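Engineer: First, the structure itself, so that you have it in front of you.
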Amino acid sequence: MFVSDHRREPAAEPGGTPSAGPDSARSGRTRIVARAEASILHADLDSFYASVEQRDDPRLRGRPVIVGGGVVLAASYEAKARGVRTPMNGARALRLCPDAVVVPPRMSAYAEASKAVFEVFRDTTPVVEGISIDEAFLDVGGLRRIAGEPVDIAHALRVAVREQVGLPISVGIARTKFLAKVASAVAKPDGLRLVPPEGELDFLHPLAVERLWGVGEVTAAKLRDRGITRIGQLAQHGEAGLRPILGPAAARHLFALSMARDPRRVETGRRRRSIGAQRALGRRSREPEEIEAYLHGLTDRLGRRLRDAGRVCRTVVLRMRFDDFSRVTRSHTMPEASDHTETILRAARVLLATAMPMIQERGLTLVGLALTNLDDADAVQLTLPLEPRATATLDATLDDLRRRFGSAAVTRAALITRGEGLSVPLLPD
Ligand SMILES: [Mg+2]
């Protein structure tokens, strides 16, 4: 039986405390249970439905847009600036903003946009906790070695959502979910806000008490009666001082939040089932060779991530987005699980060749690749290839070079494939 010779040991995760839970005992992989660094992202699309409408109809851009008739389901920032809120009676909204363009909701368009945004989320980090159709928490702790600082990851995420889905998204970064969510709200519209661990109270205390989870109109009124309008004032009262105003449970909850304490972790409830990467191409038409070169680059990156994670895949998915923002995927399931770049590339090239007529007809604006049907490398007996692993050795060598000199150091401009055999890596042009 052949056993893979380039399996990775789990790397220590920076900024976190590795701990062996039941799952990690089985898989031999470390898990984060606590962290001291700001590495939780809260990503939230801005005025989601209204932004999709403005994206799809250029005449709506820069104008106040209201989605929904009887009740306002969403309002563009131009309408919000005039006092329109969700949910609000439609007639009242039009009195506030008579020149608003009212459009009916197109739920299928929003669902498709949401799916595309979540693909970007999952391409960013394996740990994504969806909150609603347009927002999620992402844990990027431990990705520093691969993807950089959390603030850089957040910046790249915003660019990717803008380029690949055409929508604005705001991101907050903090040590806790609560602070990350407040930070994204403060960053809106179309912004990024980092709350460093040493700056949490400075960030939080000047804000209105309504920013705290659990403070609605009734609680805010009770607090206002006591002269408490800012989170810092609430913190000064202490838990004991808040108890007669709010009752014991709310006092404990809100005092903890006012001191930036929120121990919840990002939870996905399951191990990652796929990894992906994509590349926006813009609207210029591309030669088939150029598209194939991008596909090679994506395959290269994903193969490396797969091997770094000690995992193998069976299914290769080609994702395409066309000029009209419609999206199509094509997939191929291989007879054996693999972590070889060359094997994955072969499947990806077949999918691309099959899709080429469609690409030429509809204009490709994004090409993506996802690897699914993932399994742990050590849970699968790798049966391919039994012969000396020329390509596996090549993969391992490239992985090692990148690890030592950084991922940009050995970027393959393209792979030149000789028949179906060995690939030759090229250094950048
Ligand atoms: Mg939102």
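Matching residues to (1) modelled with pLDDT under 85; (2) not assigned by TED's automatic domain parsing to the domain that holds MET358:
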| position | (1), (2) |
| --- | --- |
| VAL215 | yes, yes |
| ASP225 | no, yes |
| ARG230 | no, yes |
| LEU242 | no, yes |
| ILE245 | no, yes |
| VAL266 | yes, yes |
| ALA277 | no, no |
| GLU292 | no, no |
| LEU295 | no, no |
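Engineer: Could you tell me which of the residues GLY216, GLY199 is within 33 Å of the chain's Cα centre (by Cα) and more than 28 Å from PRO150 (Cβ to Cβ)?
Structural biologist: GLY216
Engineer: With respect to ARG35, is the statement that it is more than 16 Å from the ligand (Cβ to nearest atom), outside the structural domain of PRO98 (by TED's automatic domain parsing) and either out of contact with any Ser or Thr (no Cβ under 6 Å at 6 or more places or on another chain) or modelled with pLDDT of 95 or more (or both) true?
Structural biologist: For ARG35, the condition - more than 16 Å from the ligand (Cβ to nearest atom), outside the structural domain of PRO98 (by TED's automatic domain parsing) and either out of contact with any Ser or Thr (no Cβ under 6 Å at 6 or more places or on another chain) or modelled with pLDDT of 95 or more (or both) - is met.
Engineer: Could you give me the residue pairs with C-beta distances under 8 Å whose first residue belongs to segment 157-168 and is without any contact (Cβ under 8 Å) to a residue 12 or more places away in the chain, whose second residue is not polar (S, T, N, Q) wherever it lies, and which are 6+ apart or on separate chains?
Structural biologist: Cβ pairs passing all conditions: ARG162/PRO168; ARG162/ILE169.
Engineer: So which of ALA187, ALA136, ALA180 ends up being within 16 Å of the ligand (Cβ to nearest atom), free of Cβ contacts under 8 Å to residues at least 24 places away in the same chain and not basic (Lys, Arg)?
Structural biologist: ALA187
Engineer: Quick check: anything in segment 140-155 away from the ligand (no atom under 14 Å from the Cβ), closer than 30 Å to ASP324 by Cα and in contact (Cβ under 8 Å) with a residue 60 or more places away in the chain?
Structural biologist: Yes, that holds for at least one residue.
Engineer: In this structure, does GLN236 turn out to be surrounded by fewer than 16 Cβ atoms within 10 Å (Cβ to Cβ), among the polar types (S, T, N, Q) and more than 16 Å from the ligand (Cβ to nearest atom)?
Structural biologist: yes
Engineer: While we're here: Can you pull out the strands (runs of 3 or more DSSP E) entirely within segment 77-178 that have at least 1 residues that are over 10 Å from the mean Cα position of the chain (by Cα), surrounded by fewer than 17 Cβ atoms within 10 Å (Cβ to Cβ) and modelled with pLDDT of 90 or more?
Structural biologist: 101-103
Engineer: Moving on. Give me a count of the residues in segment 297-350 that are closer than 30 Å to GLU53 by Cβ, modelled with pLDDT of 85 or more and among the hydrophobic types (A, V, I, L, M, F, W, C).
Structural biologist: 5
Engineer: OK, next. How many residues are more than 21 Å from PHE118 (Cβ to Cβ) and within 16 Å of the ligand (Cβ to nearest atom) if we restrict to segment 41-65?
Structural biologist: Of the residues in segment 41-65, 1 are more than 21 Å from PHE118 (Cβ to Cβ) and within 16 Å of the ligand (Cβ to nearest atom).
Engineer: Looking at segment 291-318, which of its residues are buried (at least 22 other Cβ atoms within 10 Å of the Cβ) and not in a helix (DSSP H, G or I)?
Structural biologist: Scanning segment 291-318 gives ARG311, VAL312, CYS313, VAL316, LEU318.
Engineer: Would segment 194-212 turn up any residue that is away from the ligand (no atom under 15 Å from the Cβ) and either hydroxyl-bearing (Ser, Thr, Tyr) or under 22 Å from ILE275 (Cα atoms) (or both)?
Structural biologist: no
Engineer: List the residue pairs whose Cβ atoms are under 8 Å apart, where the first residue sits in segment 347-362 and is in the same structural domain as ARG286 (by TED's automatic domain parsing), the second is acidic (Asp, Glu) and buried (at least 16 other Cβ atoms within 10 Å of the Cβ), and the two are 6 or more positions apart or on different chains.
Structural biologist: ARG349/GLU292; LEU352/GLU292
Engineer: Can LYS115 be described as within 13 Å of the ligand (Cβ to nearest atom) and not aliphatic (A, V, I, L, M)?
Structural biologist: no
The values are calculated or read from the model by the stated rules, or taken from the named source; none is laboratory data. Computed from a predicted structure; not experimentally measured. So basically every Cβ, Gly included, is an ideal-geometry build from the backbone, and we count neighbours across all protein chains shown.
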